[in-house]
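Remarks on the structure that follows.
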Amino acid sequence: MKQSTFSLARLLVLVSLAVVLALFYAIWTHSTDPGNLSIIFLTALLVAVFFSDARKMPALTPRKVFYSLAYILFLIKEIIKSNFDVARRVIQPVMPINPGIVPVKTKLKSPIGRMILANSITLTPGTLTVDVRGDHFYIHWIDVTDGDEQGATQAIVSGFEKYLEVIFG
């Protein structure tokens, strides 16, 4: 009996993951054709079956869903804000930049949380995650305003971490 419960739970996780993946793809491509949507869902289900491990997936709670949505909005806001900052630097006659590589320290323990943090930093114009060593990230920053680890961590990482800590621990 316990085996069938696990199989049902695994099936629910896989179908849920496939639905989320298919929705993201459908939104990204603006696809509304039922034939395309069914192929997208089947492909997403195959991806979920072959590339997911239910033991490593974080538990889904309403709080995590809320923080995930808030994180996406925060990331979009930071990307837009950084785009305007970089564009302003480019169009000014004298480009005000002070580039450098700064160390930052993360509180995140989850490998997937750290990966999402590193990618989020890289997605934000003006910053690039160059290296990750343990709980330290090395970030190329277009305008180093604080070369100190604690100051750079506050400026670059803390906004992302407050969401990712809740989502991934």
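The values are calculated or read from the model by the stated rules, or taken from the named source; none is laboratory data. If you're wondering where the values come from, they're calculated on a predicted model, not measured in any experiment. Every residue, glycine among them, receives a Cβ derived from its backbone with ideal geometry; neighbour counts consider all protein chains shown.
Can you find, within the range 127-154, the residue that is farthest from residue 80 (Cα to Cα) among those that are crowded, with 18+ Cβ neighbours inside 10 Å and under 18 Å from the mean Cα position of the chain (by Cα)?
137
Residue 17: touching a helix residue (DSSP H, G or I) at 6+ places or on another chain (Cβ under 7 Å) and surrounded by 12 or more Cβ atoms within 10 Å (Cβ to Cβ), yes or no?
yes
Each row is one residue, and each column tells you yes or no for (1) basic (Lys, Arg); (2) more than 18 Å from residue 14 (Cα to Cα); (3) at pLDDT 85 or above.
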site	(1), (2), (3)
34	no, yes, yes
44	no, no, yes
51	no, no, no
56	yes, no, no
68	no, yes, yes
71	no, yes, yes
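Those residues that are closer than 21 Å to residue 162 by Cβ, touching an Asp or Glu at 6+ places or on another chain (Cβ under 7 Å) and not aliphatic (A, V, I, L, M), I need them from the range 95-131; list them, please.
If the condition is that a residue be closer than 21 Å to residue 162 by Cβ, touching an Asp or Glu at 6+ places or on another chain (Cβ under 7 Å) and not aliphatic (A, V, I, L, M), then 103, 105, 106, 107, 124, 126 are the ones that fit.
If I go through the range 125-155 residue by residue, how many of them are over 12 Å from residue 100 (Cβ atoms) and among the aromatic types (Phe, Trp, Tyr)?
So the answer is 1.
Quick test for you: out of 81, 107, 77, pick the one residue that is surrounded by fewer than 12 Cβ atoms within 10 Å (Cβ to Cβ) and more than 30 Å from residue 15 (Cβ to Cβ).
On the way: 81 fails: surrounded by fewer than 12 Cβ atoms within 10 Å (Cβ to Cβ); 107 fails: surrounded by fewer than 12 Cβ atoms within 10 Å (Cβ to Cβ).
Answer to the check: 77.
Looking at this structure, is residue 147 within 19 Å of residue 76 (Cβ to Cβ) and in the same structural domain as residue 86 (by TED's automatic domain parsing)? Explain how you work it out, then say what you get.
Numbers: within 19 Å of residue 76 (Cβ to Cβ): no; in the same structural domain as residue 86 (by TED's automatic domain parsing): yes.
No; evaluated as a whole, the condition is false for this residue.
With respect to residue 159, is the statement that it is closer than 21 Å to residue 68 by Cα, in contact (Cβ under 8 Å) with a residue 60 or more places away in the chain and either small (Gly, Ala, Ser) or part of a helix (DSSP H, G or I) (or both) true?
Values: closer than 21 Å to residue 68 by Cα: yes; in contact (Cβ under 8 Å) with a residue 60 or more places away in the chain: yes; either small (Gly, Ala, Ser) or part of a helix (DSSP H, G or I) (or both): yes.
Against the criterion (closer than 21 Å to residue 68 by Cα, in contact (Cβ under 8 Å) with a residue 60 or more places away in the chain and either small (Gly, Ala, Ser) or part of a helix (DSSP H, G or I) (or both)), residue 159 qualifies.
From the list 102, 47, pick out the single residue that is among the aliphatic types (A, V, I, L, M), touching a helix residue (DSSP H, G or I) at 6+ places or on another chain (Cβ under 6 Å) and either assigned to a helix (DSSP H, G or I) or under 28 Å from residue 133 (Cα atoms) (or both).
Checking each option against the conditions leaves just 102.
Cβ contacts < 6 Å: first residue outside the structural domain of residue 163 (by TED's automatic domain parsing), restricted to the range 99-116; second residue exposed (fewer than 14 other Cβ atoms within 10 Å of the Cβ), any location; separation 6+ or different chain. Result?
No pair meets every condition.
For the range 111-123, check the following and say yes or no: at least one residue is surrounded by fewer than 13 Cβ atoms within 10 Å (Cβ to Cβ), part of a helix (DSSP H, G or I), aliphatic (A, V, I, L, M) and modelled with pLDDT of 90 or more.
No, that holds for no residue.
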